[in-house]
Amino acid sequence: MPILIPTLSLTFDHRIKTNQINRWRGAFNEMAQRSDDLFHNHIGDKTYHYRYPLIQYRCQNGQAGLVAINEGVNAVQRLLSEKDWIIRWNGRPKALNIVEVVPEDHYLTMTDQPYRYRIHQWLPFNKENYQSWLAASNYMERIKILEKILAGHLLGFAEAMEWRLPQRLEVDIQLVHNMEKVLHHKNNLIGFDLTYSCNIDLPPHIGIGKGVSHGFGWQRQVKE
């Protein structure tokens, strides 16, 4: 059965670069005063919630933004109704103004015909599957490994939404646009920009894979 997924995309008038998303995340959380662990996924100072992030920070056309999903929508709305919209940036207070608000309700469902998605700076690897990918003997074998990892990430998203797929998930990577080293939590990782198709109608703007709360793995549907 399809389930309804509310999302909220916000863009602010604060200019940032892609490599400043982590700073933006920290500044927003300082403003939130850690009022809700959905904003940061921390339990205390040293422990994390290992769960799909329901609030994801972004650089959207050079401006600071975020995407909230499910319970994250209520958390963001509650924060912005209770707090002054002031962050600290470069040691100074900076007022935030919203320049774009996109609320959406999206039915998460499987489809007869596959949908195409363009995913940006997707971080697929852990230590084990990275070694398998390195050991692959040819390009097509590497693509198959990436497809299996991507399917796992999509199933992880579905599980986080408490949605059980009624039929088999089909994932097909159609084009790898770019592959580059990226820095995440002081680790050098490989990020992929690619186009893939799957038989799920996914909510817009969501992130898939590792590091989605820091702006990695965001995607959009590609219209035919």
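Brief remarks on what is shown
- Condition check for GLU104: at pLDDT 90 or above, closer than 28 Å to GLU162 by Cα, among the acidic types (Asp, Glu) and in contact with a helix residue (DSSP H, G or I) (Cβ under 8 Å, 6 or more places away or on another chain): no
- Members of the stretch 87-103 found to be surrounded by 13 or more Cβ atoms within 10 Å (Cβ to Cβ) and either in a strand (DSSP E or B) or among the basic types (Lys, Arg) (or both), listed by number: ILE87, TRP89, LYS94, VAL99, GLU100, VAL102
- Pairs meeting the criteria (first residue in the stretch 21-40 and surrounded by 18 or more Cβ atoms within 10 Å (Cβ to Cβ) and at pLDDT 75 or above, second residue among the polar types (S, T, N, Q) and in a helix (DSSP H, G or I), beta carbons under 8 Å, at least 6 apart or on different chains) are ARG25/SER213; PHE39/ASN29.
- Here the stretch 108-132 is the region considered, the condition is being among the aromatic types (Phe, Trp, Tyr) and at pLDDT 95 or above, and the residue that is surrounded by the most Cβ atoms within 10 Å (Cβ to Cβ) is TRP122.
The values are calculated or read from the model by the stated rules, or taken from the named source; none is laboratory data. Just so you know, these numbers come straight off a predicted model, no measurement behind them. Heads up, the Cβs are rebuilt from the backbone with ideal geometry, glycines too, and the neighbour counts pull from every protein chain shown.
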